[in-house]
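The values are calculated or read from the model by the stated rules, or taken from the named source; none is laboratory data. For clarity, every value in this text was computed on a predicted model and none was experimentally measured. Positions of Cβ are backbone-derived with ideal geometry, glycine not excepted, and every protein chain shown enters the neighbour counts.
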Amino acid sequence: MKTPYLPIDPDFFDYFEEEKQNNSTKVVYFGEGANLEEVNGKIEHIVKKNGAEYFLQFKTGEVVRADRIIVYNGKPGPAFDEYDAYALECLSCRAGYDV
């Protein structure tokens, strides 16, 4: 099942444009479901598809959905909050206690 594309903060487009100047950008992102994927290389283009979906296209040909990026070169990406919530989910239980 494909996750619907979520709009991202417009500031990220500026950040990704700056990353295009670098020879290499390491991106960790959600692949299918909650699987973590990684790509490392030069970002060539920011591609817009279907009217409102943005993707980073790397020189290697790999394409990453912008809204699924967790971190890029160690900086939080649009999906960082989702990843953080997923990583801390086990800490949100109350172990049978009512609060």
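Here's the yes/no breakdown for (1) at pLDDT 95 or above; (2) among the small types (Gly, Ala, Ser); (3) more than 19 Å from residue 3 (Cα to Cα):
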| residue | (1), (2), (3) |
| --- | --- |
| 39 | yes, no, yes |
| 54 | yes, no, no |
| 74 | no, yes, yes |
| 83 | no, no, no |
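Would you please name the residue that is farthest from residue 59 (Cα to Cα), looking only at residues in the range 17-35 that are of a type in the set (A, V, I, L, M, F, W, C) and at pLDDT 95 or above? Let's see the steps before the verdict.
Here is the first cut: in the range 17-35, the residues of a type in the set (A, V, I, L, M, F, W, C) are 27-28, 30, 34.
Right, trim to at pLDDT 95 or above and you get 27-28.
Working: 27: 13, 28: 16 Å.
Among those that are of a type in the set (A, V, I, L, M, F, W, C) and at pLDDT 95 or above, it is 28.
Give me the residue from the range 38-73 that is outside any strand (DSSP E or B) and within 12 Å of the chain's Cα centre (by Cα) and, out of that set, surrounded by the most Cβ atoms within 10 Å (Cβ to Cβ). Working first, answer last.
Pass one, the range 38-73, residues outside any strand (DSSP E or B): 42, 50-52, 59-62, 66-68, 73.
Those still in the list that are within 12 Å of the chain's Cα centre (by Cα) too: 66-68, 73.
Values: 66: 25, 67: 21, 68: 22, 73: 14.
This residue is 66.
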Selection from the range 1-37 of residues that are part of a helix (DSSP H, G or I) and either touching a Gly at 6+ places or on another chain (Cβ under 8 Å) or touching a residue at least 40 places away in the same chain (Cβ under 8 Å) (or both): 12, 13, 15, 16, 19
